[in-house]
Amino acid sequence: MRQMIFAAAAAVAFAGSSALAADFPVKAPYYKAPHGAYGWTGCYVGVQGGFGSLRSNNSFSSSGNPPYTLEENTNGDGGLFGGHLGCNYQYNQWVLGLEGDGEWAGIKGDDGGARGDINELSARWLASVRGRLGVTIGSSLLYATGGVAFMGARSSVLDPGEQESIRRTLTGWTIGGGWEYAFAHNLSARVEYRFTDFGTEGFVFPVNGYTERHNDLHVHAVRVGLTYRFGGARYWW
């Protein structure tokens, strides 16, 4: 009889504990992002600096019309410093973005005066509006970029007694790629190379009465940058 009472009590206790357990909600499994995963969705602002080289094939015309007489090439180098801003959207490992940048440029070169005239060409500032497409690898983003570019150019004649300068804003295209690394929450560093082409541009010198034409005008530049990302950035250590 005693064994039957103990068995009944155990059955009642088991049924009660099961009923109480059913009253509590089941906790969903906890998901933790992979170690080192970084979310690139969001907007950002940053600073950048680097080094650029300018190249063009020169020719001139006394009348401003063909034929043009070939001169020596213009080669120049100099530093760059400025800033960038943009926004990204990430889908799985792919990152699509839009970015703009502007910077002071100290790129300046001349043709050496080998044909009698010293012709100088300077890039005073550079700017661009570009798209970016990248793929994430851990905390890194490898990306390609391209879009429209602008340059504040100055073409000068530096001969004694005939010094004259013309400033123009040039429009061209730019393409390149880079590597960006998220090293802390909301902070990333980058290194980027871009090729920028401005085609053929003519500068008319009214005082000297001729036109200087810069053919195949392009800029090669390497930049490094530091970027701060606003609230959309996420980093899991």
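Rule-based calculations on the coordinates, nothing more; no lab input. The structure displayed is predicted, hence computed values, not measured ones. Neighbour counts are summed over all protein chains in view; Cβ atoms, including those assigned to glycine, are modelled from backbone coordinates with ideal geometry.
Annotations for the structure displayed:
- Relative to the current alpha-carbon distance between N186 and L133, full extension at 0.36 nm per residue lengthens the span by 17.1 nm.
- The Stokes-Einstein estimate for the range 76-141, based on a Kirkwood radius over Cα pairs and taken at 10 °C with 1.306 mPa s viscosity, is a diffusion coefficient of 108 µm²/s.
- Sparse-neighbour loop sites [trypsin sites (Lys or Arg not before Pro); the range 58-151; at most 16 other C-beta within 10 Å; DSSP]: R115
- Sorting the Cα pairs of the range 38-235 by distance into bins of 5 Å, from 0 upward, gives 1, 8, 15, 19, 14, 11, 9, 7, 6, 5, 3, 2, 0 percent per bin.
- Charge dipole magnitude, Cβ of K and R +1, D and E -1 - the range 38-235, Cα centre, debye nearest 20: 980
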